[in-house]
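Comments concern the structure below.
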Amino acid sequence: MRAKRTAAAVATMAVLGSAAWLLPAAAHAAPPAAVDLWTVPTAPADSATLIVAYSFGNRLAPGTDSTRTIGEPGPVNEALAAAVVAARGDRAVPVYAQTEIAQVLRDRYGLTDVISIDPDRAADGTLVYLSTDGVAAKVAELRGGAAASDAAAVVAFQDHLWRATRTTAKRGFHAFAPAGVAMPAQYDPQSGQPWTTSPLLYLPTDFAGRLALLK
């Protein structure tokens, strides 16, 4: 699995790097600064004033209409919920979690104060896909003026963590991964979201999203 993930990352960066030849070269231009698309900022979990948890995939029963049904959490979101519990400890900090994680936190861990970040629905009842930035925007709206002084511990799938943390920061938070809290890294081949079933399907899109955040 690690080899596949590494191969996917290398292939993706090779393609993205080759695009640089399409840009006009400035005469005597200084070498470009190194771009770090891997290092995630960390801070002690107990320094967080809130936790923001991003889901990754789901499980859909056979015959389920994925355009209208959120689906069950599945093993990855169960692991993400466990990471939230580890990051929170015995502190009563607010937890903002996407629907699939919020469900596990309530049903398995008995958290009654978790704020579920749910997708909207179109006029015809179909789900409106909630992107990483969409989640961060909803949390920022809920926090209001407190966001500027908030310290947000971000919980996300390992390959999603860089983008989730950076996206949260773009919405005005001081965002970081909670130090010492392991994030799930095993893909679910049975996920109802095809792009989350393997690193080969997920990483190219994620790296493109990382580059977009550097603008």
Worksheet item: So Ala140 fits all but one of (1) surrounded by 19 or more Cβ atoms within 10 Å (Cβ to Cβ); (2) over 16 Å from the mean Cα position of the chain (by Cα); (3) outside any loop (DSSP other than H, G, I, E, B); what number is the exception?
Response: (2)
Practice prompt. Six or more apart or on different chains, Cβ under 8 Å: which pairs go from a residue in region 182-205 that's closer than 21 Å to Ala82 by Cβ and outside any loop (DSSP other than H, G, I, E, B) to one that's at pLDDT 95 or above and among the small types (Gly, Ala, Ser)? Could you list them?
Written response: Thr196/Gly57
Fill in: Residue that is farthest from the chain's Cα centre (by Cα) [pool: residues in region 106-137 that are in a loop (DSSP other than H, G, I, E, B) and of a type in the set (A, V, I, L, M, F, W, C)]
Ala123
Worksheet item: Residues in region 92-105: is at least one among the aliphatic types (A, V, I, L, M), part of a helix (DSSP H, G or I), under 22 Å from Ile70 (Cβ atoms) and over 16 Å from the mean Cα position of the chain (by Cα)?
Response: yes
Response to the item:
Filtering region 52-84 down to residues that are of a type in the set (Val, Ile, Thr) and in contact with a strand residue (DSSP E or B) (Cβ under 9 Å, 6 or more places away or on another chain) yields Val52, Thr67, Thr69, Ile70, Val84
Worksheet entry | The one condition in (1) under 22 Å from Pro73 (Cβ atoms); (2) of a type outside the set (Ser, Thr, Tyr); (3) loosely packed, with under 13 Cβ neighbours inside 10 Å that Ala123 fails to fulfil | (1)
Practice prompt. Count, please, the residues in region 43-76 that happen to be more than 22 Å from Ala182 (Cβ to Cβ) and aliphatic (A, V, I, L, M).
Written response: 3
Item to complete: From (1) in contact with an Asp or Glu (Cβ under 9 Å, 6 or more places away or on another chain); (2) crowded, with 16+ Cβ neighbours inside 10 Å, pick out the condition that doesn't hold for Val128.
Response: (2)
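The values are calculated or read from the model by the stated rules, or taken from the named source; none is laboratory data. Computed from a prediction, not measured in an experiment: that's the story for all the values here. Counting neighbours? That spans all protein chains shown, and the Cβs are built from the backbone with ideal geometry, glycine included.
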